[in-house]
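Visitor: I have a structure I would like to understand better, so I am pasting it below and will then ask my questions one at a time.
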Amino acid sequence: MGVKITETVYRDAHQSLLATRMTTEEMLSIAEKLDDVGYYSLEMWGGATFDSCLRFLKEDPWDRLRKIRAIMKKTKLQMLLRGQNLLGYRHYADDVVEAFVGKAIANGIDIVRMFDALNDVRNLETTMKAVKREGAHAQCALSYTISPVHDIPYYIQKAKEMAALGADSICIKDMSGILAPYVAYELVKALKAAIKLPIQVHSHYSSGLASMTYLKAIEAGADVVDTAISPLAMGTSQPATEPLIAALKGTPYDTGLDLERLNEITEYFKPIRDKYFENGMIDPKVLGVDINTLVYQIPGGMLSNLISQLKQQNKTDRLEEVLAEVPRVREDLGFPPLVTPMSQMVGTQAVLNVILGQRYKMVPKEIKDYVRGHYGKAAAEIPSDIKKKIIGDEEPIAVRPADLISPQLLELRAAAKEFIEQEEDVLTYGLFPQVAMSYFKERWSRKYKIETSLYNEEAPVHPV
Ligand code: CO
């Protein structure tokens, strides 16, 4: 059995390289050709695509899903879901999670890849239940990071919890591109031995390791890997699809995919890449190899955030101190993986600790909530002196965070009722109330050919 390929061009590739700005129209023109390739699946929804569709492209993400599904009859459509966070940045109530997953699958999703930033499997329970109820493929992703507690036994334990929850497959999600080839080999081997589920590997080319990592993971028995068609590959995106197909050709891992057929798709995306390069959406900086990722163990995007935070304070000379403080804060907080939202939270705390000259003198609300357990359970215990500094004598919660959130669906429906044209709109509104409202108003004015400003109370009043 050869290796299977998930193509990410409609989701992670453009999210990583061009701020998720590819339009539905650009996708639809090549969808039929992509459908003919024989990919295992096409990652095309979720992650930041939902937010970006509404916020920047003024498109309905549900409509994108339906249109792609209508053309792509053969290939499995895959989405990325942040567990209880869905596609937003906080936990939602169970009724919203269940309704959202139900609608995603009803509109055409075949595979739901779910993950939690802290690998707290409790944050995947409701998503899993909903995916199972709808009969779709439930893939659980392990958020990969490096720390003294994130060793192979840790990942095996997490994968077993995911399997027990009902996972149909496991993904190693290396969002920062720090998974090294021989570590990947060991990890995949150990996972294959411990659980009887297909293993998929997802990495980013950021540090230059990923294509080597894929090869070793494949030799260790990985069933599926994520790649992007070459014009939108490498840099902060995935390794390129075509060279991997060529590398595996004639081996026991042969993907069976046809390079010539892919060439047409490559040619289609070249001018699209050029367009986003010329309009500045693709920053040349994201295309190279970023060694900082390996040196400081922090994702590239986080480094540029730290620099801009320091610039605002006129303290760029303190960068080295901040970079040294990041791993200390991370250790204090139980080694959270540096993925959204933890990367921003840890970075901000490190900047505050350095600039104020006293550690945890000031602590943002998000960090307090994290220590209170509202994001889930950290991989390592938070030391009691740190806990005391941050939340005093408060006792962290012991339950699943979403157990403390009451149902929200009815309230959301009521709040958005005058704009609801489809049941999905309730969920769109629930995820991004302000962005959704401005999109709904624009849709409304397009439909009735009325100036948005007549209806949009946020629009400035025109001078008469
Ligand atoms: Co990714």
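The values are calculated or read from the model by the stated rules, or taken from the named source; none is laboratory data. Predicted, not measured: the structure shown is a model, and the values here were computed from it. A quick note on method: Cβ atoms are made from the backbone with ideal geometry, for glycine too, and the neighbour counts reach across all protein chains shown. What goes into the accessible areas is simple: the full protein's heavy atoms, side chains included, and nothing from ligands, DNA or RNA. Shrake-Rupley method; radii C 1.70, N 1.55, O 1.52, S 1.80 Å.
Visitor: Give me the net charge for the shell around Leu310: Cβ to Cβ below 14 angstrom, other residues only, Lys and Arg +1, Asp and Glu -1.
Guide: Surrounding charge for Leu310 is -1.
Visitor: Mind scanning Lys58/Lys447; Lys58/Lys365; Lys74/Lys441; Lys4/Lys189; Lys58/Lys417 and naming the pairs with a C-alpha gap bigger than 24 Å?
Guide: As for pairs spanning more than 24 Å Cα to Cα, those are Lys58/Lys365; Lys74/Lys441.
Visitor: Let me know the whole percent of all Cα-Cα pairs from the stretch 408-454 that are separated by more than 12 Å.
Guide: Tail of the P(r) past 12 Å holds 58 percent of the pairs.
Visitor: Still on this structure, please answer the following. Using the 2.2 N^0.38 Å rule of thumb for compact globular proteins, work out how the stretch 291-402 stacks up: its C-alpha Rg over that value, please.
Guide: Taking N as the residue count of the stretch 291-402, the ratio is 1.05.
Visitor: At most 14 other Cβ atoms within 10 Å plus a DSSP loop assignment makes a site exposed; report the longest stretch of the chain without any exposed GluC sites (Glu not before Pro).
Guide: Counting at most 14 other Cβ atoms within 10 Å as exposed, the longest clean stretch of the chain is 1-380.
Visitor: While we're looking at this one, here's another question. When a/c is below 1.5 the answer is rounded, else prolate if a/b is larger than b/c, else oblate, so apply that to the stretch 67-214 with a ≥ b ≥ c taken from the square roots of the Cα gyration tensor eigenvalues.
Guide: prolate
Visitor: For a 29 Å ceiling on Cα separation, which of these pairs sit above it: Lys67/Lys275; Lys73/Lys129; Lys103/Lys275?
Guide: Among Lys67/Lys275; Lys73/Lys129; Lys103/Lys275, the Cα-Cα distance tops 29 Å for Lys103/Lys275.
Visitor: Can you give the helix-only mean residue ellipticity at 222 nm for the chain, where every DSSP H stretch with n ≥ 4 adds -39500 (n - 2.57) and the sum goes over all residues, rounded to the nearest 500 deg cm²/dmol?
Guide: Details: 21 runs with 222 residues, N = 464.
The helix-only estimate for the chain comes to -14500 deg cm²/dmol at 222 nm.
Visitor: Another question about this same structure. Say a site is exposed when it is one of the chymotrypsin sites (Phe, Trp or Tyr not before Pro), sits in a DSSP loop, and has at most 14 other Cβ atoms within 10 Å; what is then the longest site-free stretch of the chain?
Guide: Excluding the exposed sites themselves, the longest stretch runs over 90-464.
Visitor: Classify the stretch 104-179 from the C-alpha gyration tensor, please: rounded if a/c falls under 1.5, else prolate or oblate depending on whether a/b exceeds b/c.
Guide: Verdict is prolate for the stretch 104-179.
Visitor: Report the extension gain between Ile397 and Leu356 in nm, rounded to one decimal, defined as 0.36 nm multiplied by the number of residues separating them, less their alpha carbon distance. Show your work: numbers first, answer last.
Guide: On the way: separation 41, 0.36 × 41 = 14.76 nm, distance 2.94 nm.
Gain on extension, Ile397 to Leu356, equals 11.8 nm.
Visitor: If you don't mind, another one. Using a Förster distance of 35 angstrom, determine the FRET efficiency expected from the C-beta separation of Asn279 and Lys196, and round it to 0.05.
Guide: For R0 = 35 Å, the calculated efficiency reads 0.15.
Visitor: Between rounded, prolate and oblate, where does the chain land on the alpha carbon gyration tensor, with a ≥ b ≥ c its root eigenvalues, rounded for a/c under 1.5, else prolate if a/b exceeds b/c?
Guide: Cα axes put the chain in the rounded bin.
Visitor: Next question. How much net charge surrounds Thr255 when only the other residues with a Cβ under 11 Å from the Cβ of Thr255 are counted, with Lys and Arg +1 and Asp and Glu -1?
Guide: Computed value for this residue: -1.
Visitor: Then there is this: With N set to the number of residues, divide the alpha-carbon radius of gyration of the stretch 337-392 by 2.2 N^0.38 Å and report two decimals.
Guide: Dividing the Cα Rg of the stretch 337-392 by 2.2 N^0.38 Å gives 1.08.
Visitor: Please compute the net charge surrounding Thr20, taking Lys and Arg as +1 and Asp and Glu as -1 over other residues with Cβ under 9 Å from its Cβ.
Guide: Details: positive: Arg11, Arg21; negative: Asp51.
With Lys, Arg at +1 and Asp, Glu at -1, the net is +1.
Visitor: If you don't mind, there's one more thing I want to ask. Order Lys249, Lys285 by their accessible area, 1.4 angstrom probe, all chains in place, largest first.
Guide: Lys285, Lys249
Visitor: Follow-up. Find, among the trypsin sites (Lys or Arg not before Pro) in the stretch 411-449, those assigned to loop by DSSP (not H, G, I, E, B) with at most 11 other beta-carbon atoms within 10 angstrom.
Guide: Those that pass, being in a loop and sparsely packed, are Lys449.
Visitor: Moving on. Any idea how far apart Ile420 and Leu319 come out in nm if each label point goes 7 Å out from Cα toward Cβ?
Guide: According to this spin-label approximation, the distance is 5.0 nm.
Visitor: 7 Å from Cα along Cα→Cβ at both Arg413 and Arg66: what's the point-to-point distance in nm?
Guide: 1.9 nm
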